[in-house]
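S.K.: Below are the structure tokens for one structure; questions will follow.
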Amino acid sequence: METIPDLVSRDRRSDDTAIVRPDPTAQPYTYHRFCTQSWKAGNVLRHLGVGDGTPVGVAGDRAVQPLLAMVGVSLLGGVVRLAPPQSVDARAVIAHVGDVGSYELPDGGQRAGYGGSPDSPATYHFEQELWSENPTRVPRKYDPTAPVLDDGGRRYSHRGLLSAAREVVETLDLSADDRVRVQGRFDDPRTIVAGVFAPLSVGGAVVLDSDTSSDVTVVAPDATASSAADRVFSAAAVDLEPVS
């Protein structure tokens, strides 16, 4: 794998678990569903004007919707501005419905809220838009060296992120049988590399539920594990090389 879209290629669709969510009544996120929902997210974002090089703010909530938005942006060649500030120079921002209205965007900027129905008719309902979209993926080529993630000071390429993810896989000896719990917010690219991209790259499961058992717990940089696990890995150990 050289690009983030490779994580949701057609041949990766299966009934194996990709994401374990906190809500036990929610429909499970198999690899089949994760792939198709990511494609849908890309189609939704395309309608919002996202394309090559377009910056898109994605909130750092530890939830499935930001993950879908991140992959959706990558499918369009855009750049995710991770955990954006309240005033952000972006074409669109994807955040929880209770927070999305507080972001200041340039003229023409779009907002999409998840976790409920937005109060403003000008704000898109992210889940509703996903539900109404076709699960299709527009074929295209990607540049592995292009930036895809921006933490506010540095940008990281597809290749750089996945190379770091491979190092995590090797360090932890991850396989498709492993469940990796993420502890902390998605506001640091190292947490996403170790807690999301690494397990997904080998067909493992990302656990967002603190009460579900896991084989490894990935803790955010400068944090310690608050739950027992066979293994604990600090995202601070991830070696990421920025492109700018």
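The values are calculated or read from the model by the stated rules, or taken from the named source; none is laboratory data. The structure presented is a predicted model; accordingly, all values stated were derived computationally and were not measured. Please note: Cβ atoms are built from the backbone with ideal geometry, for glycine as well, and neighbour counts cover all protein chains shown. Remember, those area values only see protein heavy atoms, side chains included, never the ligands or the DNA or RNA. Shrake-Rupley method; radii C 1.70, N 1.55, O 1.52, S 1.80 Å.
S.K.: First select every other residue whose beta carbon is under 11 angstrom from the beta carbon of Ala223; then total the charges, Lys and Arg +1, Asp and Glu -1.
M.R.: It works out to a net charge of -1.
S.K.: Here is a follow-up. For the full complex of protein chains and a 1.4 angstrom probe, list Asp215, Asp89 by accessible area with the highest value first.
M.R.: The ranking, largest first, comes out as Asp89, Asp215.
S.K.: Let me ask another. FRET efficiency for Ser175 and Asp143, Cβ-Cβ distance as r, R0 = 22 Å, nearest 0.05?
M.R.: Details: r = 30 Å, r/R0 = 1.34.
It comes to 0.15.
S.K.: In addition: With the crude spin-label approximation of a point 7 Å out along Cα→Cβ, what separation in nm comes out for Ser87 versus Thr136?
M.R.: Each label point is offset 7 Å from its Cα along the Cβ direction, giving 4.2 nm.
S.K.: Using Cα-Cα distances under 8 Å and only pairs 6 or more residues apart, what relative contact order does region 117-244 have, in percent?
M.R.: Numbers: 204 pairs, mean separation 30.1, N = 128.
Rounded, it is 24 percent for region 117-244.
S.K.: Give me the net charge for the shell around His158: Cβ to Cβ below 14 angstrom, other residues only, Lys and Arg +1, Asp and Glu -1.
M.R.: Net charge in that neighbourhood comes out at -1.
S.K.: Heavy atoms of the protein only, probe of 1.4 Å, neighbouring chains included. What is the accessible area of Arg137 in Å², nearest 10?
M.R.: 50
S.K.: While we're here: Ratio of alpha-carbon Rg to the 2.2 N^0.38 Å globular estimate for region 112-225, to two decimals, please.
M.R.: Ratio of Rg to 2.2 N^0.38 Å for region 112-225: 1.25.
S.K.: What 222 nm value per residue comes from the helices of the chain, counting each DSSP H run with n ≥ 4 as -39,500 (n - 2.57) and dividing by all residues, nearest 500 deg cm²/dmol? Display every interim value, and only then the final one.
M.R.: Values: 6 runs with 59 residues, N = 244.
After summing the helix terms and dividing by the residues of the chain, the value is -7000 deg cm²/dmol.
S.K.: Counting C-alpha atoms alone, how compact is the chain: give Rg to one decimal and Dmax as a whole number, in angstrom.
M.R.: In Å, with Rg to one decimal and Dmax whole: 16.6, 49.
S.K.: Another question, if that's okay. Let me check something: with ligands and nucleic acids excluded, how do Asp107, Asp150, Asp99 order by accessible area (1.4 Å probe), largest to smallest?
M.R.: Numbers: Asp107 155, Asp150 30, Asp99 75 Å².
Putting Asp107, Asp150, Asp99 in descending order of accessible area: Asp107, Asp99, Asp150.
S.K.: Using the basic label-point model (7 angstrom from Cα toward the beta carbon), what is the Val243 to Glu2 distance in nanometres?
M.R.: 1.2
S.K.: For the chain, take the longest principal axis of its alpha carbons; what is the angle in degrees between that and the long axis of helix 31-47, to the nearest 10 within 0 to 90?
M.R.: 30
S.K.: With the other protein chains left in place, how much accessible area per residue, in square angstrom, belongs to the chain at a 1.4 angstrom probe?
M.R.: Details: 10690 Å² over 244 residues.
Ligands and nucleic acids excluded, the result is 44 Å² per residue.
S.K.: How much of the accessible area of the chain, probe 1.4 Å, is carbon plus sulfur, in whole percent?
M.R.: The nonpolar share, carbon plus sulfur, comes to 44 percent.
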